[in-house]
Amino acid sequence: MIEAASAFLDQNAEFINSLNVFPVPDGDTGTNMSLSLDSGLKYVNESTSTEVGDLAQSLAKGLLMGARGNSGVILSQIFRGFSKDVAGKAELSATDLADAFAAGAQTAYKAVMKPTEGTILTVIREAAKAARKTAARDDDIVAVLDATYEAADAALQTTPDLLPVLKQVGVVDSGGQGLTFVLQAFDDVLNGREITAKAAHQPNSSEMDEMIDAEHHRSVQGKLNPDDIVYGYCTEIMVRIGKGKQVDREFDYDTFYQYLADLGDSLLVVNDDEIVKVHVHTEHPGKVMAWGQEFGDLAKVKVDNMRLQQETIIEHDDETAQADTATEPVEAPETAIITIAAGKGMQSLFESLGATTVIAGGQTMNPSTQDIVDAIQASHAKQAIVLPNNGNIFLAAEQAVKVVDIPTVIVHSRSISQGMTAMLGFEPDHSLTENQSAMEDNLSTVKGGEVTHAVRDTQVDGFDIKEGNFMGIIDGKIAVVTDDTEEAAIQMVNKMLTDDSEIVTIIYGEDTTKAVAERVQAAVEELDDELEVEVHEGDQPVYPFIISVE
């Protein structure tokens, strides 16, 4: 059931993402739920038990540590409650299953400070209610799960009636849709219906870039003897599907993937209609390239000898170890500040403000609970402060705080602008609670704006938005819609300014240039010549401009 649900979420992640209310290119509910359940499946597969209670515990632990975004955390809480209810049971009766879903619903509601109807919470509550009602009259576990899925789907269809913004945009709740897919897969398995599972989760480009980073290879290899590396060549190719003189196959993901899976390990394959990217560790890089050419021409080829790299790493580590004996160890900070941001420039900005660790992520890739836990533990600090810089990371941060063994608090920054302003309130000599209070107080002193493009036609916040339009979003609400990114930024700042405004900070991303940012700066200075306007390179994806007004 878990395998089927994981595969089904993988297959439908982009559809779930498309249900995002705002037409921005960072709708990631489907991706978050899929990656969260993938983590749960990994823990289940590592279990040697055949008892359902033990497997449920493994699922809950994996979901918790892999939980990304609010949707992923709520999914983890559903199965946390489920697992606690079935603890110690070797198998489940119809009543056991119904009670477990009810416990899951109760735990999920408790995990959210202000539960909102018309969301995944509504779907699990109605599904659990139907499960218990059916179990009371029928001891057939399949009948109970039939009723559970049917009630979830029916509740999902009511979400637009409970949340007006969903009805306005014409979509159902994305988290509720993800949960309904999970229950549908469960139901298909128990009814013996065929499940078509993918060969593997297809990561998006940012996931792939993260996985093929050199540090990935370092972490995989560790202090391994180079001769013990089974597949020695890290091979990457990018294929333009259908292009080139050697094409003799029509691209099919499963066929393409399976051949490569037989050539090595650490395989990642991601594609759209035009390009397929491959990363694999193999002994036969030539075969990987030749296979790619059967589907298109090679736009990129990269092969690294990992045995040679490992020899270099060991030599360097040995030299470093010797040097370390002659130098003073780096003292761990009293208080670690862990923050989340995307882009090398953004990372540098936060580090210049005093951040101990900047976790790569944010809008397009929410970090997991495990990512946040690892960053806190790696700091070796006595206490820690977490700045999520995104409301969709709050729940994962809260779960991380419960897991770590040092005092840790959250400053609830909802944006990069708030996160940077919060940093200015930190005083190393103050207590953890004093710093949390001061940094939280700073959040209200800044307005945050973001410019991005629309990924579909829609009507929201009183705007008739067309795909490709640029939107200025102020503190989470669309305020400007134009055909030009520069104009969107200028109009957005104009709406953000008040008589008390003093400082405007413009951070430009990877999809625009310094020259455009400087033109925006000049236009803002014309609006009010007493403003102090700063420009920084952030390198952030998705948002050409992130702008704060203080």
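Scan segment 1-24 residue by residue and report those that are assigned to a loop (DSSP other than H, G, I, E, B) and more than 22 Å from residue 160 (Cα to Cα). Quick ask: steps written out before the conclusion?
Just the residues of segment 1-24 that are assigned to a loop (DSSP other than H, G, I, E, B), to begin with: 1, 18-24.
Result: 1, single match.
Conditions: (1) closer than 19 Å to residue 179 by Cα; (2) surrounded by fewer than 22 Cβ atoms within 10 Å (Cβ to Cβ). Residue 123 meets all but one. Number of the miss?
It fails just one condition, (2).
Evaluate the following for residue 450: is it crowded, with 21+ Cβ neighbours inside 10 Å and either touching a residue at least 60 places away in the same chain (Cβ under 8 Å) or assigned by TED's automatic domain parsing to the domain that holds residue 14 (or both)?
Values: crowded, with 21+ Cβ neighbours inside 10 Å: yes; either touching a residue at least 60 places away in the same chain (Cβ under 8 Å) or assigned by TED's automatic domain parsing to the domain that holds residue 14 (or both): yes.
Against the criterion (crowded, with 21+ Cβ neighbours inside 10 Å and either touching a residue at least 60 places away in the same chain (Cβ under 8 Å) or assigned by TED's automatic domain parsing to the domain that holds residue 14 (or both)), residue 450 qualifies.
Does residue 243 satisfy the criteria of being part of a loop (DSSP other than H, G, I, E, B), among the charged types (D, E, K, R) and outside the structural domain of residue 14 (by TED's automatic domain parsing)? Explain how you work it out, then say what you get.
Numbers: part of a loop (DSSP other than H, G, I, E, B): yes; among the charged types (D, E, K, R): yes; outside the structural domain of residue 14 (by TED's automatic domain parsing): yes.
For residue 243, the condition - part of a loop (DSSP other than H, G, I, E, B), among the charged types (D, E, K, R) and outside the structural domain of residue 14 (by TED's automatic domain parsing) - is met.
Starting from residues that are at pLDDT 95 or above and of a type outside the set (A, V, I, L, M, F, W, C), keep the ones in segment 138-156 and report whichever is surrounded by the most Cβ atoms within 10 Å (Cβ to Cβ). Spell out the reasoning first.
Going through segment 138-156, the residues at pLDDT 95 or above turn out to be 140-156.
Now narrow it down to the ones that are of a type outside the set (A, V, I, L, M, F, W, C): 140, 146, 148-150, 153.
Working: 140: 11, 146: 18, 148: 26, 149: 24, 150: 16, 153: 19.
Result: 148.
For residue 287, only one of the following conditions fails: (1) at pLDDT 80 or above; (2) over 30 Å from residue 13 (Cα atoms); (3) part of a loop (DSSP other than H, G, I, E, B). What is its number?
For residue 287, the failing item is (3).
Take residue 466 and decide whether it is modelled with pLDDT of 90 or more, basic (Lys, Arg) and in contact with a strand residue (DSSP E or B) (Cβ under 8 Å, 6 or more places away or on another chain).
No, not satisfied.
Given the options 139, 96, 153, name the one that is free of Cβ contacts under 8 Å to residues at least 12 places away in the same chain and out of contact with any strand residue (DSSP E or B) (no Cβ under 8 Å at 6 or more places or on another chain). Show your work before the answer.
On the way: 139 fails: free of Cβ contacts under 8 Å to residues at least 12 places away in the same chain; 153 fails: free of Cβ contacts under 8 Å to residues at least 12 places away in the same chain.
Being free of Cβ contacts under 8 Å to residues at least 12 places away in the same chain and out of contact with any strand residue (DSSP E or B) (no Cβ under 8 Å at 6 or more places or on another chain) holds for just one of 139, 96, 153, which is 96.
For segment 226-255, which positions are surrounded by fewer than 16 Cβ atoms within 10 Å (Cβ to Cβ) and of a type in the set (Ser, Thr, Tyr)? So that I can check it myself, show each step before the final result.
Taking segment 226-255 and keeping what is surrounded by fewer than 16 Cβ atoms within 10 Å (Cβ to Cβ), we get 227-228, 230, 242-243, 245-246, 248-250, 252-255.
If the condition is that a residue be surrounded by fewer than 16 Cβ atoms within 10 Å (Cβ to Cβ) and of a type in the set (Ser, Thr, Tyr), then 253, 255 are the ones that fit.
I'm told residue 171 meets every condition in (1) modelled with pLDDT of 95 or more; (2) surrounded by fewer than 20 Cβ atoms within 10 Å (Cβ to Cβ); (3) of a type in the set (A, V, I, L, M) except one. Can you identify the failing condition by its number?
Here residue 171 meets the rest and fails (1).
I'd like to know if segment 87-98 contains one or more residues that are among the basic types (Lys, Arg) and either within 19 Å of the chain's Cα centre (by Cα) or under 29 Å from residue 540 (Cβ atoms) (or both). Walk me through it before giving the result.
Within segment 87-98, the first condition is being among the basic types (Lys, Arg), and the residues that meet it are 89.
From what's left, either within 19 Å of the chain's Cα centre (by Cα) or under 29 Å from residue 540 (Cβ atoms) (or both): none.
No - not one qualifying residue is present in segment 87-98.
Looking for whichever is within 32 Å of the chain's Cα centre (by Cα), in contact (Cβ under 8 Å) with a residue 24 or more places away in the chain and over 30 Å from residue 21 (Cα atoms) here; the options are 478, 503. Which one fits? Can you show your working first?
Numbers: 478 fails: over 30 Å from residue 21 (Cα atoms).
Of 478, 503, the one residue that is within 32 Å of the chain's Cα centre (by Cα), in contact (Cβ under 8 Å) with a residue 24 or more places away in the chain and over 30 Å from residue 21 (Cα atoms) is 503.
Looking at segment 33-62, which of its residues are of a type in the set (Asp, Glu) and part of a helix (DSSP H, G or I)?
Filtering segment 33-62 for residues of a type in the set (Asp, Glu) gives 38, 46, 51, 54.
Within segment 33-62, 38, 46, 54 qualify.
Residue check, residue 295 against (1) out of contact with any Asp or Glu (no Cβ under 9 Å at 6 or more places or on another chain); (2) buried (at least 16 other Cβ atoms within 10 Å of the Cβ); (3) modelled with pLDDT of 85 or more, all met but one. Which one?
(1)
Per-residue answers, yes or no, for (1) closer than 30 Å to residue 540 by Cα; (2) in contact (Cβ under 8 Å) with a residue 40 or more places away in the chain; (3) buried (at least 22 other Cβ atoms within 10 Å of the Cβ):
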position	(1), (2), (3)
14	yes, no, no
20	yes, yes, no
28	yes, yes, yes
38	yes, yes, no
59	no, yes, yes
64	yes, yes, yes
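The values are calculated or read from the model by the stated rules, or taken from the named source; none is laboratory data. Everything numeric in this text was worked out from a predicted model, so none of it was measured. FYI the Cβ positions are ideal-geometry reconstructions off the backbone, even for glycines, and counts take in every protein chain you see.
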